[in-house]
Amino acid sequence: MRFAIYDASSGGNLVWPTWALHDYEKHDEVSVSNGLFNVLLGSQEQPLSADHFDSSDRYLQIWVCQTAGAGCTSTVAPPR
C-alpha cells in the first residue's frame, strides 16, 4: 500500500510526504482482514507532525497494489 496527503480531493498540492524519496509512503505486506488494515503513517519515510495539518481539509490518497510496484488502484478519502 502507498499513502499520501493532499490539500484538495483532486489537483491539490502534496502536503505529506514532502522530503521523502517518493511522493508517497510505501508500506509493504499490509495485512487486510474484512477490508480493515492498520498502518502507522510517517513510520517509513517522513514523520507526520502538526506542521502537516492546520485548519484546512486534508485528503488521504491510498494506493492498493497486489504486487509490489505493479497493478495499483487508487482512491482519495474525504475529510471527516
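Quickly run through the range 1-38 and pick out the residues that are in a loop (DSSP other than H, G, I, E, B) and within 10 Å of the chain's Cα centre (by Cα).
Listed by number, the residues that qualify are MET1, PRO17, ASP23, TYR24, HIS27.
Would it be correct to say that ASP57 is touching a Pro at 6+ places or on another chain (Cβ under 7 Å), loosely packed, with under 15 Cβ neighbours inside 10 Å and of a type outside the set (A, V, I, L, M)?
yes
If the Cβ limit is 6 Å and pairs must be 6+ apart or interchain, which residue in the range 43-68 that is of a type in the set (S, T, N, Q) pairs with which residue that is in a strand (DSSP E or B)?
GLN44/GLU25; GLN61/ALA4; GLN61/VAL76
Within the set of pairs 6+ apart or on separate chains, which have a first residue in the range 1-25 that is polar (S, T, N, Q), a second that is modelled with pLDDT of 90 or more, and C-beta atoms under 8 Å apart?
So the pair list comes out as SER9/TYR59; ASN13/TYR6; ASN13/ASP7.
Could you identify the single residue in GLN61, GLN44, GLN66 that is part of a strand (DSSP E or B), polar (S, T, N, Q) and either at pLDDT 90 or above or under 13 Å from ALA4 (Cβ atoms) (or both)?
Result: GLN61 is the single residue among GLN61, GLN44, GLN66 that is part of a strand (DSSP E or B), polar (S, T, N, Q) and either at pLDDT 90 or above or under 13 Å from ALA4 (Cβ atoms) (or both).
The values are calculated or read from the model by the stated rules, or taken from the named source; none is laboratory data. Quick caveat: nothing in here was measured; it's all calculated off a predicted structure. Cβ sites come from the backbone with ideal geometry, for glycine too, and all protein chains shown count toward neighbours.
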